[in-house]
Amino acid sequence: MNRFAKLLNFELSRFMKLYLVLVAMTIIVQIAGVIVKTNEYMGRANQTIQEDGLSIAQFVEQYGAMSFLDFTRSLWFMGPIAICAAALIFYIFMIWYRDWFGKNTFIYRLLMLPTARLNVYFAKATSIVLMVLGLISVQLIILPLENTIFKSMLPVNFRVDMTIDRIIDWNYLSMLIPQTFIEFVLYYGAGFMAVLILFTAVLFERSFKWKGILLGIGYIAISGIVMLSPVLSMVFLNHYYLYPLESLGLQIVLGIIVTAMSIWLSNYLLNKKVTV
Amino acid sequence: MKRYWRLIAIVSVVVLTIGTFYIQSAMAANNLPDITIETVNGDEDELDSVVINGTYTVGNGMGEFVELNSDGSTYDSEQSFIEGLQTRPFNERTNQLQEDYRGFMRGKGRNTASYLETEDTLAYTEVINQSVSGPSSDMEFDISVLDKESGETLSFTVPVPNRAMYAQVLVEDVQIMDGALKVFTRNYSKDGGGEKHLYSFDIANQEINGNESLMSTESQDQNTSIHISIVSNSDITAANQFIIFEKTKRPITRGPENNQGIDSEQPADEGTQEFIVYNLETGEQKTLDLPETLSGKRVTDREHSTLYFEGEGNIIHYNVETEQVTDETELPVNGTAEFTRIANGKVYMLTGPENQNNFQRLMILDLQSGDTLYEGEIKPEEPVENGALLDFNGLHIE
């Protein structure tokens, strides 16, 4: 356990600088976005009210009051999230390849550590998941802050006030932060599984080089087919026999099978096949 | 410990933030107003069978569904994940059937019109193997009949006759008459035409024994549009001797040509109605000869062989079998009904709000005497927040 914690802390440290840059970028761009978007709206409001001689109430009736969702649907809000997501997806691969292609092939030392090699694998996977959850937490922390800025920027008759819960629920944000804790566990459990599948594919490539690329892609495809098999069977049989709760159970079982298969295969590859 | 500060920092931020968020959203009320039906006068027990559906919207079209009954209101977001899974897509009738006949309902669709439930039988018919884009020549009737007493299910499939002709076949009602399963469908031809069709099946021998086109849904001349729909009971799964089709003809007014050289076609809002009744016992169809007083009146609901027309300040009862006006129910003057349902010998009316400071009202009247049995106001317990709109636009009687 101690070994694992050390490895995990080590993996986190190695990405920490870039990670903090991502966090800072998100905070700065989103907060700037609230200010820009509300100013834009107020500018348009003032202009229309003056040019067309409308009252505030008439303007709001015609053009609608601004809600926080108008901001969350803009690039100011979605852009940083997309960049962070892309960076972490890229890092799922880089977390392995940097050890091979670094200045001094670092993987040598990692794999020679007097600990199970699977610990290295789990430390890398856990650090990815932790960093994703960390970014989600940052978003949860700055949302109330942004909402407060939003309220202070607009006079009350020009805005629709919303609670944080509702901002999340009534938005694509509920894909990242689902409404119930069960869903949260299911979503991020699936995410963890996806990371393990990609790791296995990377290890295939590291073990068998060119042939390994095909094996890796094949493994991703097989995992995908297993996970989607209930949906695929519905398409081909044109009939679906399971009730929703049974489907959920089946999907969880399939997910556990794919996860276990990935761990077992990775363990095998790391111990027997991987070449440095 | 100092060496692990990054790990400790990230883990504590994650656990604290996400933990707080979920604990707080589970504990705190969701800030949506609780809504109750406040009795103005009458017997509250009348409310037991009433379900009112509505929406709560904020700003530009964001919002959620809310359901209201005698126990109060339930918003969509108040459902747990598991509850939501079981009831979505939301269909009260098929949800009920799934609960009562779990084995039979397995793998069956959610189109309520596909079901017939009588005291001793539950029947289901759907047309399977049809896809909107692909070839549809594999279309089959998928039929199941459950004998409630013995618990035995009879299932069989029958190819749709002349299926190469059709692009799509939709089941619109299912009935059983003298051991024969009668399936009313709307058939869309590949050449663009459409018709109302009746298929008949011999249940005991599991074969098709009847196939007739009832009426074309296409207009003969270019200047009218035709729309035919089935007027069903509030509960379309109930048995009925009469199937009533409402045929609406609307003249098409042609606007000036637009810039692509195509003249715009606009069916008029008002049209002429015609009711065609199919008698399952005799297999005959007749067009109702409505008295002058009913022409142009809208049908609000139907119960067995009675059609209820919306008159001026009253509801006119019309029997399709005897083709007579049988009764009238006088309505109290206050409030125009947005939604009217007739069931269990009562009239259920949901009125629209007359102005912004007013609440929607629910009224329950006796169908025979027109006496008000219940009157209530739909009231949010706390005022609806700034910019939000609460609107009830559905009324169901269980």
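Assorted remarks:
- Just one of (1) open to solvent by 20 Å² or more (accessible area, probe 1.4 Å); (2) under 20 Å from residue B:105 (Cβ atoms) fails for residue B:218. It is (2).
- Against the criterion of being of a type in the set (Asp, Glu), within 14 Å of another protein chain (Cβ to nearest Cβ) and within 25 Å of residue A:259 (Cβ to Cβ), residue A:205 does not qualify.
- The criterion of at least 3 residues that are within 14 Å of another protein chain (Cβ to nearest Cβ) and either modelled with pLDDT under 90 or surrounded by 16 or more Cβ atoms within 10 Å (Cβ to Cβ) (or both) is met, among strands (runs of 3 or more DSSP E) falling completely within the stretch B:75-183, by B:121-128, B:140-147.
- Residues of the stretch A:103-133 classified as closer than 24 Å to residue A:23 by Cβ and open to solvent by 10 Å² or more (accessible area, probe 1.4 Å), total: 5
- When the stretch A:242-265 is limited to residues that are exposed (fewer than 13 other Cβ atoms within 10 Å of the Cβ) and farther than 11 Å from residue A:196 by Cα, the one that is farthest from the other protein chains (Cβ to nearest Cβ) turns out to be A:256.
- Which listed residue is closer than 22 Å to residue A:125 by Cα, in a loop (DSSP other than H, G, I, E, B) and either within 24 Å of the chain's Cα centre (by Cα) or of a type outside the set (Asp, Glu) (or both), from A:200, A:259, A:275: A:275
- Filter result (among the aromatic types (Phe, Trp, Tyr) and buried (at least 17 other Cβ atoms within 10 Å of the Cβ)) within the stretch A:193-224: A:199, A:204, A:208, A:219
- Given (1) surrounded by fewer than 14 Cβ atoms within 10 Å (Cβ to Cβ); (2) farther than 27 Å from residue B:7 by Cα, number of the condition residue A:74 does not satisfy: (1)
- Verdict on residue A:165 being at pLDDT below 90 and either more than 9 Å from chain B (Cβ to nearest Cβ) or outside any helix (DSSP H, G or I) (or both): no
- Each residue in the stretch A:96-152 was checked for being touching a residue at least 24 places away in the same chain (Cβ under 8 Å), within 30 Å of residue A:66 (Cβ to Cβ) and within 14 Å of chain B (Cβ to nearest Cβ), and 10 of them qualify.
- There is at least one residue in the stretch B:59-74 that is open to solvent by 60 Å² or more (accessible area, probe 1.4 Å), of a type in the set (Ser, Thr, Tyr) and more than 9 Å from chain A (Cβ to nearest Cβ).
The values are calculated or read from the model by the stated rules, or taken from the named source; none is laboratory data. Just so it is clear, the model here is predicted, and its values are computed rather than measured. All Cβ positions, even for glycine, are placed from backbone atoms using ideal geometry, and neighbour counts span all protein chains on display. These accessible areas exclude ligands, DNA and RNA; they are computed on the full protein's heavy atoms, side chains included. Shrake-Rupley method; radii C 1.70, N 1.55, O 1.52, S 1.80 Å.
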